[in-house]
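A.B. asks: Structure in structure tokens, see below.
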Amino acid sequence: MGMKNRKLPKTVPEALTFIEKAIGKRDKNYIRKLKKNDLYELHMTLGMWIRNNLGMWGVKNNRELMVDILRLDSGSPRKPIPENLVMNFHPDNASHVLIEELWKKLRRKNGSKK
């Protein structure tokens, strides 16, 4: 089944599962071993894939996911997010938040320290 036919994730945990299923073990190991300050290296590879495949661009963007990422990024998961923040939240920033959360998750699974 192609990516375009899949149901898009609407929450950060769903997005992380979606991404983990799409990338291979070698990529997961590479990401896990990166230092936090080096995650930017993934912007034009994994970050672009996330932006393109999780519906982060355009009028029909994945608003529900963008709001959930904003909530996580703000540190207040239950906090209402003003519409102007949602409209101005750039997909580049959103994909970086997901990359960092994936990195944390992969390191927790492996027992790595920050």
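Here, each number is a calculation from the coordinates, and none is a lab measurement. All values derive from a computational prediction rather than experimental measurement. In this analysis, Cβ positions are derived from the backbone assuming ideal geometry, glycine residues included, and neighbour counts consider all displayed protein chains.
A.B. asks: Would you call L72 without any contact (Cβ under 8 Å) to a residue 60 or more places away in the chain and under 13 Å from the mean Cα position of the chain (by Cα)?
C.D. replies: On the way: without any contact (Cβ under 8 Å) to a residue 60 or more places away in the chain: no; under 13 Å from the mean Cα position of the chain (by Cα): yes.
Criteria not met by L72.
A.B. asks: Out of N62, N37, I need the residue that is in contact (Cβ under 8 Å) with a residue 12 or more places away in the chain and out of contact with any helix residue (DSSP H, G or I) (no Cβ under 6 Å at 6 or more places or on another chain). Which one? Before the answer, list the steps.
C.D. replies: Values: N37 fails: in contact (Cβ under 8 Å) with a residue 12 or more places away in the chain.
Step by step, each of N62, N37 is checked, and only N62 is in contact (Cβ under 8 Å) with a residue 12 or more places away in the chain and out of contact with any helix residue (DSSP H, G or I) (no Cβ under 6 Å at 6 or more places or on another chain).
A.B. asks: For residues in the stretch 67-108 being acidic (D, E) and loosely packed, with under 15 Cβ neighbours inside 10 Å, which is farthest from L54 (Cα to Cα)?
C.D. replies: Of the residues in the stretch 67-108, the ones acidic (D, E) are 68, 73, 83, 92, 100-101.
Now drop any that are not loosely packed, with under 15 Cβ neighbours inside 10 Å, which leaves 83, 92.
On the way: E83: 20, D92: 12 Å.
This residue is E83.
A.B. asks: Here is a follow-up. How do the pairs read when you match residues in the stretch 76-92 that are touching a residue at least 24 places away in the same chain (Cβ under 8 Å) with residues anywhere that are assigned to a loop (DSSP other than H, G, I, E, B), using Cβ under 6 Å and keeping only pairs 6 or more apart or on different chains?
C.D. replies: P91/M56; P91/W57
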